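See structure below.
The values are calculated or read from the model by the stated rules, or taken from the named source; none is laboratory data. Being a predicted model, the structure only gives us computed values, none of them experimental. FYI the Cβ positions are ideal-geometry reconstructions off the backbone, even for glycines, and counts take in every protein chain you see.
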């Protein structure tokens, strides 16, 4: 029997002005030490026996454009099976919300899990542009997905927890988890809460 599929969309950044993007490239912190992220080996270890984990590398994640991500995402759809689990982190989360609120998805979605997705362009240290802003009507998303789960961290300085309330106002039937130990913007090597929900 084929494994159930889980498709994970990573985060990214957006810029309105080219000079801001260049400044970001010149000044962002770099390290030679690989980051241990929950979405990597932890997800494989916890779910790899029962799920086929699909991780598209979305184009230009440091200067993302929604239209480019949409093209790349849609190339994966023919390879997905019904009952797919969709997971989006940060920009990947708002990408999935926007995509599913504007497009009919041709496969059955088992559940949608969104980790610290911004709701709008009220981020304290980043801007949300590149076509990722949501429209006013998210009802198509609700009609396509019955199981929607949001995870926010109280100490997140990238996507404030106030964005959770904005989603609650429009996606009232979703389930919301407020966490306090995720090292800001879910910079953790383990994330057992999401595993519990997926299982």
Check: Where in the stretch 93-199 are the strands (runs of 3 or more DSSP E), entirely inside, with at least 1 residues that are crowded, with 21+ Cβ neighbours inside 10 Å and at pLDDT 95 or above?
Finding: 109-115, 148-153
Margin query: Going through 185, 163, 149 one at a time, which residue ends up being in contact with a strand residue (DSSP E or B) (Cβ under 8 Å, 6 or more places away or on another chain) and in contact (Cβ under 8 Å) with a residue 60 or more places away in the chain?
Written below: 185
Check: Among the numbered criteria (1) under 15 Å from residue 167 (Cα atoms); (2) touching a helix residue (DSSP H, G or I) at 6+ places or on another chain (Cβ under 6 Å); (3) part of a strand (DSSP E or B), which single criterion is violated by residue 86?
Finding: (1)
Next item on the list: Go through the stretch 61-81 and count every residue that is surrounded by 14 or more Cβ atoms within 10 Å (Cβ to Cβ), under 21 Å from residue 17 (Cβ atoms) and either touching a strand residue (DSSP E or B) at 6+ places or on another chain (Cβ under 8 Å) or touching a residue at least 24 places away in the same chain (Cβ under 8 Å) (or both).
Entry: 6
Margin query: Residue under question is residue 44, and the condition is that it be in contact with a strand residue (DSSP E or B) (Cβ under 7 Å, 6 or more places away or on another chain), surrounded by 12 or more Cβ atoms within 10 Å (Cβ to Cβ), free of Cβ contacts under 8 Å to residues at least 24 places away in the same chain and on the phi < 0 side of the Ramachandran plot; does it hold?
Written below: yes
Checklist line | Filtered residues of the stretch 28-49 (kept if part of a helix (DSSP H, G or I), at pLDDT below 95 and either touching a helix residue (DSSP H, G or I) at 6+ places or on another chain (Cβ under 6 Å) or under 24 Å from residue 127 (Cα atoms) (or both)) | finding: 39
Checklist line | Hits in the stretch 10-27 - residues which are crowded, with 18+ Cβ neighbours inside 10 Å, more than 18 Å from residue 187 (Cβ to Cβ) and touching a helix residue (DSSP H, G or I) at 6+ places or on another chain (Cβ under 6 Å) | finding: 15
Next item on the list: With respect to residue 140, determine if the residue is out of contact with any strand residue (DSSP E or B) (no Cβ under 9 Å at 6 or more places or on another chain) and over 19 Å from residue 91 (Cβ atoms).
Entry: yes
